[in-house]
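Here is the structure we will look at, set down as structure tokens.
The values are calculated or read from the model by the stated rules, or taken from the named source; none is laboratory data. From a predicted model like this one, the values you see are computed outputs, not experimental measurements. Glycine gets a Cβ as well: all are built from the backbone with ideal geometry, and neighbour counts include every protein chain shown.
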Amino acid sequence: MTGYIPLTYLDLAVASVFLILNAVFSIWLQLGLARKLIISALRMVVQLLLIGLVLKAVFAASSAPVTLLIAVIMVMFAGREIRARQERRLAGIWGFSLGGAAMLFAGSIITVFGLTLQIDATPWWMPQYSLPLFGMILGNTMTGVSLGLDTLHTGLYRERNAVEAQLLLGRTRWQATAPVTRRALRSGFTPIINAMAATGVVALPGMMTGQILSGIDPQNAVQYQLLIMFLIAGATGLGVMAAIFASLWRLTDRRHRLRLDRLARPRDDA
């Protein structure tokens with residue numbers, strides 16, 4: 001059996017039955033998750049339906065400025081998500097812009113690299129290729145950056161006395177914060193390392209599964225999935241390192257002092 005198999009809205013409704021069942025169990029067990037499950041599912045439905053309409057129009061227009069605008073909007077939403085996932089975040093515009101800038105830096109470089117050298121799309125910015133690839137790279141990089149920054153900020157605040165003691169002994173800001181930095185980098189790298197280790201044995205990735213279901217030869221689907229995973233891993237690494245070191249630069253100064261006053265107060269302390 002080959003070829004695309006269309007789905008109806010009835011098929012989607014039937015598939016949601018188990019999600020609704022999870023919400024019922026949440027109410028029964030008093031987990032307090034039913035409302036979040038339903039709202040998240042409804043939000044997902046609305047967002048995907050809207051993005052389907054938007055992408056249809058963008059693909060039809062095939063315009064570089066429009067493609068760039070959609071990519072910028074994606075980065076802005078991802079930056080907001082990074083900020084929201086941190087218990088302690090940078091104060092002011094830094095809390096939003098630093099993570100977004102790190103993702104934009106890593107995602108743009110890796111996406112252009114893949115489109116021009118491997119996928120060989122003509123032109124390289126064609127939205128049919130660039131936006132899905134950029135979205136996959138951005139989503140995974142967002143997870144790594146948010147975890148890395150949260151670990152860094154929480155670790156610096158918790159171990160501020162030890163870091164300041166090292167600074168008083170004459171260590172530079174990079175040397176004094178090295179243990180916390182290493183933990184933050186490991187935390188940011190962990191999701192993509194786990195994903196690569198489990199891919200093919202524990203789980204078949206979404207892109208590969210979609211290609212196989214649409215009738216593409218499994219070997220070709222595997223090649224594309226390997227390409228995507230390599231690009232995602234590269235972007236995640238670049239994004240995490242850029243965000244961690246940029247945040248360290250912000251939370252210290254030229255006089256090698258720890259500047260935790262540049263962290264916003266967490267919500268529960270506000």
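Considering the stretch 116-166 alone, what residues qualify as being without any contact (Cβ under 8 Å) to a residue 40 or more places away in the chain and among the polar types (S, T, N, Q)? Result: 116, 122, 151, 161, 166.
The listed residues are 48, 55, 21, 104, and the only one of them that is modelled with pLDDT of 90 or more, under 21 Å from the mean Cα position of the chain (by Cα) and not hydroxyl-bearing (Ser, Thr, Tyr) turns out to be 104. Within the stretch 9-35, residues that are in contact (Cβ under 8 Å) with a residue 24 or more places away in the chain sit with their Cβ atoms under 9 Å from residues that are surrounded by 13 or more Cβ atoms within 10 Å (Cβ to Cβ) and among the hydrophobic types (A, V, I, L, M, F, W, C), at 6+ positions apart or across chains, in these pairs: 16/41. The selection criterion, being within 24 Å of the chain's Cα centre (by Cα), assigned by TED's automatic domain parsing to the domain that holds residue 127 and either free of Cβ contacts under 8 Å to residues at least 12 places away in the same chain or surrounded by 10 or more Cβ atoms within 10 Å (Cβ to Cβ) (or both), does not hold for residue 41.
Given 154, 141, 111, which one is outside the structural domain of residue 12 (by TED's automatic domain parsing), out of contact with any helix residue (DSSP H, G or I) (no Cβ under 8 Å at 6 or more places or on another chain) and modelled with pLDDT of 90 or more?
Going through 154, 141, 111 in turn, just one is outside the structural domain of residue 12 (by TED's automatic domain parsing), out of contact with any helix residue (DSSP H, G or I) (no Cβ under 8 Å at 6 or more places or on another chain) and modelled with pLDDT of 90 or more: 154.
Residue 104 passes every criterion in (1) under 26 Å from residue 229 (Cα atoms); (2) loosely packed, with under 12 Cβ neighbours inside 10 Å; (3) in the same structural domain as residue 220 (by TED's automatic domain parsing) apart from (2).
Among the residues making up the stretch 48-75, those that are closer than 30 Å to residue 184 by Cβ and without any contact (Cβ under 8 Å) to a residue 60 or more places away in the chain are 72, 73.
Can you find a residue in the stretch 76-99 that is assigned by TED's automatic domain parsing to the domain that holds residue 176, closer than 16 Å to residue 231 by Cβ, of a type in the set (Ser, Thr, Tyr) and touching a residue at least 12 places away in the same chain (Cβ under 8 Å)?
Narrowing the stretch 76-99 to residues assigned by TED's automatic domain parsing to the domain that holds residue 176: 76-99.
This time we only want the ones that are closer than 16 Å to residue 231 by Cβ, so: none.
No, every residue in the stretch 76-99 fails to be assigned by TED's automatic domain parsing to the domain that holds residue 176, closer than 16 Å to residue 231 by Cβ, of a type in the set (Ser, Thr, Tyr) and touching a residue at least 12 places away in the same chain (Cβ under 8 Å).
Residue pairs whose Cβ atoms lie under 8 Å apart, separated by 6 or more positions or on different chains, with the first residue in the stretch 218-233 and in contact (Cβ under 8 Å) with a residue 40 or more places away in the chain and in the same structural domain as residue 119 (by TED's automatic domain parsing) and the second in a helix (DSSP H, G or I) and of a type in the set (Phe, Trp, Tyr), are 231/113.
Taking the stretch 62-73 on its own, how many of its residues are under 15 Å from residue 129 (Cβ atoms) and part of a helix (DSSP H, G or I)? Talk me through it step by step, then tell me what you get.
Initially, the stretch 62-73 is screened for residues under 15 Å from residue 129 (Cβ atoms), giving 62-64, 66-68, 70-71.
Restricting the remaining residues to those that are part of a helix (DSSP H, G or I) gives 64, 66-68, 70-71.
Matching residues across the stretch 62-73 total 6.
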